[in-house]
Each structure stands twice: as structure tokens, then as C-alpha cells.
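Some notes on the structure that comes next.
The values are calculated or read from the model by the stated rules, or taken from the named source; none is laboratory data. Just so it is clear, the model here is predicted, and its values are computed rather than measured. Please note: Cβ atoms are built from the backbone with ideal geometry, for glycine as well, and neighbour counts cover all protein chains shown.
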Amino acid sequence: MSDPKTIAVEFKRVMKSFGTKRVLNDVSFHIDQGQALCLLGRSGTGKSVTLKLIMALMRPDSGEVYVDQDNVVSMGEKGLSLVRKKLGYLFQDAALFDSLTLYENLALPLSRLTKKSKDEIDDVVHHVLTDVGLGGDGAKYPSALSGGMKKRAGLARALVLEPKILLADEPSSGLDRITASEIDGLLMRRKVEHRTALIIVTHDVHGARRVADRVGVLDKGNLVAFGSVDEVSQSENEVARKLITEGSNV
Amino acid sequence: MRWLSKSVEFVGKVGLFGLRVVVDSLRPPFEFAQCFRQLAEVGNKSLALVVVSGFALGAVMTLHTRNTLVTFGATSMIPAVQAVSFFVEIGPLVAGLLLAGRVGSGIGAVLANMRASEQIDAIESLSIDSFKYLVVPRVLACVIALPFLTLFMDFAGLLGGFLSEELSSHIAPILYLNRAFEYLQWSNFIAPTLKTAVFGFIIGSISSYFGYTTDKGAQGVGEAATNSVVLSSLLIIVADVLLIKCIFFLFPETAV
């Protein structure tokens, strides 16, 4: 049993449906600060919805979602604004703002949510961009970036406010193995050096094996397996076992 | 029956969306930088379209008016007819419809694309109120820009009319202006120009509604753009009828 104070994110009996389709069915789990959880499962099983519920971009039909001990389900916009400052979100296609340069994409949250001066913002943006290998690309618009660069830029924006919890939606999808491995390396560094909790939705089992302390397998809205990679690979659930052992989607 | 309930639901949603725009535009923090950015987008980039259209429309209208007034020996009335018709109705309405086409489709498509590519979710995830950041500045920009664009259209129309008339009758510019403004009162000019602020609100709100609320991914981008133009244009024409009645009520002398 974890100490409640160390729990970064917790789901308690969460249900979520779209129309008649139930995408999350009585899902409960938690991860601690400094841990990495990889959510695996077939497309449409509610993995991305799980991230959006944590960020409170959606509300569950029932159940509770705790972020750093705060229940975001019953929270108003003001409270959510404070909770979201603890979270970073790497979207599936990076979701960089088209009309802003890379520098502006990163400077926007800093100028809005912190009291940093222009020089301090310049320093932070330069530092974070350099960290993800985009130090010389700040003046570029997202349309001028490759897929891998966009992912790294999205990660840089998610990290610019130094979040306690980082949510990543398929960080390695559409990338070659080398670039995917670089992204995994950046995530790992974040976890180890800053004790950031990571929740990663992925189809990349190799990446999950590298990064994850915990693996959750979602199937038809149910969390059918949850535990360490070894535990899930010996799970009684066939879908979970196949996902981990065969290293590809079922 | 189902169609009716859906229509009522849609009207309610659009109404609440418009109300939220009004409330949020009065609530701090104010997005001044975004407003200026959108004002440049809406105003500057529409100016050429409005001026050229106004000029051409003015020239064409004078050609038609001349043909009619020659029959009655009243060609001296051409400048007055031109000015009154442009300042009272043609300028405001055509500027509104042009902006609904150019800006409405743009706002609808941009916001729908931002929704489809999760940029709006990204804004929310950064603790920024996406409605205040994206929608309110766009609507305010339309509200502020349209009256000014209407003035440009009015004067461009007058210039087009003058050049057309000058080619036919060699009328002096001063004489043309004197005759043009002889029958124009402030109430003919101010109220119709200001009513375009309402048109701007309609364009900004409707197109933002379609773009901001779409949930159809990439397909929704085209739909939002088309629906924005169609409904904005329709509502501008309907609102024009109501606003003219209001203007006649508030300024009875203009109804004579």
C-alpha cells in the first residue's frame, strides 16, 4: 500500500461512455511520484481518454480521479487551473500552435503562468529546447518541423513548466526506432533526474519495457492487467500476456 | 418533430455561446495582445477586398442609376442617390456579407482545425482559458473592424461613383461631393454604420461556434467553414431587417 502523499495519480472506479459505447469500465489504479506507467491496449480501448480524464479535459460519468491528492472530477475551473500547472501533456501529434514559432509555443505558458522576466523566459526556453535537441530551431514554425522534431518540440512544451506529472500520448508513434529511442531516453531522464511521474500511452512494447515501472493493459474499457512488466507478462489475461510477450498489438 | 427539437436545441446552444462571449469579454484577464493580432487579421487583410468591391459597386451603381434618372431629367440627383444608398444600406450590408465570406470561413476553419489537431486541448492543458484566448478576441475584432471597413466601403463606393459620373458628365469633384452630402444626415450615417458592429458580432460568434464546437476531426474543418459563411450571411440579412426597424424607431426622421 502506497503512502497517499506519494501518490501522483489515482483512479477510483472510473466509468466513461460515449453514447452507448463504454470506453472505461470501473477502472482503478494509482502510480507514485517518480514512477512510470505505460498504458497498453488496442486502439479505441480508452487509453487516450484516461490521459484526458487526468488533465480534466473530459469528465468521467462516475468515479474519482486524483491528481496529487486533488480530486479533479469535482473541481471548478479555478482549481483545475492550479492542478494543470502540475501536469505536462505531450499530445499524440504534438498539438503545437500553428500560428506561433517554436520559441513562442514554449514561451506562451511561461509568460502566462509565471512571473519570469523576458530574459528569464528566453533562458528557460533555450535551455529546454537544447535539452530536446532543438536548440537552433526556436524561430521555426511547426509546419517546418519533421515528425520527430514536432514530437520533441511537443515534449519541450510539456516540460517547460517543470511539471510533477507528465502525460504522453503515443510519444513514439510514427517515428523510426532511433528517434523513438531518443524520445524514450528524454522521458527516462525526466523520471530519474526530476522524479517526474510519467503516464505514457503507447503501442510500442519495446519502449514500454525500457521505461515502465508499471504497465496497465486496457481491453474493451477494462483494466485487465496492472503491475510490473514481469507480472503482466505472467498475467492470466490472454490479451495482456500476448501484448507483452509477443511485443506487438493483438 | 425531431427536426424542430434539434433546431431549438441549436438556437439555444448558439445563443448561450454568444452570451458567453459577452460575459467573458467583460471578465478579466483581458486578452489585449490577441485582440490586436485578430484585429490585424480581420481588419487589415479585409481592407483591399472591401475597398475594391466598394469602388466597383459604386461605379456600376452609378451607371445603372444614370440610365434611370436620365429618363426623368434628374441626373443631378445621382451623387445624392449614390451617397444615401451606400451610406444607409449598401455599404453596411455588402461589407457585412463580404466579411462573412472572408473572415467567417477563416475563423470557422482555423478553430475547427485547432480542435481537430488538439491545439485547443493543448491550450486548456496549459491552464489557459481557450474560450477567452481564441473566441473572444476574434469576435471583438469583428465587432470593432466591421464599422471601420464599412466606412472604407462607403467612401470607395462614392469614389467609384464619382469616377463613373465624371467620365459621363465631367462633373467637378467639389460639386459631386456637395450634391452627395446634401441629403445625408448624421443619423443616416452613424446608425447604419454602427449597426455593422452587430453584423460583426454575428460573424465572429457564429463562425467561432462552428469552429470551436466541432467534433468531426478533419471533416469538420470544411463543414465549419461552409456553415459559418452560410449562417452568418443569412443572419446578417435577417438582422438587417430588424436593425432597420430599430433605427427607424430611434431616429424617426430617417424613415421619412
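A few remarks follow.
- Residue count for the range B:73-113 under the criterion of being facing another protein chain (nearest Cβ under 10 Å) and in contact with a Phe, Trp or Tyr (Cβ under 8 Å, 6 or more places away or on another chain): the result is 0.
- Filtering the range A:78-96 to residues that are surrounded by 20 or more Cβ atoms within 10 Å (Cβ to Cβ), facing chain B (nearest Cβ under 7 Å) and in a loop (DSSP other than H, G, I, E, B) leaves A:PHE91, A:ALA95.
- Of all residues in the range B:40-51, those being among the hydrophobic types (A, V, I, L, M, F, W, C) and either modelled with pLDDT under 90 or surrounded by fewer than 14 Cβ atoms within 10 Å (Cβ to Cβ) (or both) number 2.
- Within the span defined as the range A:42-54, every residue fails to be in contact (Cβ under 8 Å) with a residue 24 or more places away in the chain and in contact with a helix residue (DSSP H, G or I) (Cβ under 6 Å, 6 or more places away or on another chain).
- In the range A:1-57, the residues that are farther than 22 Å from A:LEU87 by Cα and not in a strand (DSSP E or B): A:MET1, A:GLY19, A:THR20, A:ARG42, A:SER43, A:GLY44, A:THR45
- Those residues of the range A:85-103 which are of a type in the set (A, V, I, L, M, F, W, C), free of Cβ contacts under 8 Å to residues at least 60 places away in the same chain and in contact with a Gly (Cβ under 9 Å, 6 or more places away or on another chain), in sequence order: A:ALA95, A:LEU102
- Selection within the range A:188-210 - under 21 Å from A:LYS86 (Cα atoms) and surrounded by fewer than 24 Cβ atoms within 10 Å (Cβ to Cβ): A:MET188, A:ARG189, A:ARG190, A:LYS191, A:VAL192, A:GLU193, A:HIS194, A:ARG195, A:THR196
- Selection of first residues in the range A:104-132 that are within 14 Å of chain B (Cβ to nearest Cβ) and of second residues that are of a type in the set (Lys, Arg) and not in a helix (DSSP H, G or I), restricted to Cβ pairs under 8 Å at least 6 apart or on distinct chains, gives the following pairs, ordered by first then second residue: A:LEU110/A:LYS116; A:LEU113/A:LYS85.
- Test: residue in the range A:163-175 that is farther than 18 Å from A:PRO109 by Cα, of a type outside the set (Lys, Arg) and more than 16 Å from the chain's Cα centre (by Cα): yes
- Number of residues in the range B:196-223 that are surrounded by fewer than 23 Cβ atoms within 10 Å (Cβ to Cβ) and within 20 Å of B:VAL88 (Cβ to Cβ) equals 2.
- Number of the condition not met by B:VAL81 [criteria: (1) without any contact (Cβ under 8 Å) to a residue 40 or more places away in the chain; (2) surrounded by fewer than 17 Cβ atoms within 10 Å (Cβ to Cβ); (3) more than 17 Å from B:LEU134 (Cβ to Cβ)]: (2)
- Filter pass, B:LEU134 being closer than 22 Å to B:VAL51 by Cα and assigned to a helix (DSSP H, G or I): no
- Screening the candidates B:THR213, B:THR226, B:THR254, B:THR193 for the property of being over 22 Å from the mean Cα position of the chain (by Cα) and either closer than 25 Å to B:GLY161 by Cβ or modelled with pLDDT of 90 or more (or both) yields one hit, B:THR213.
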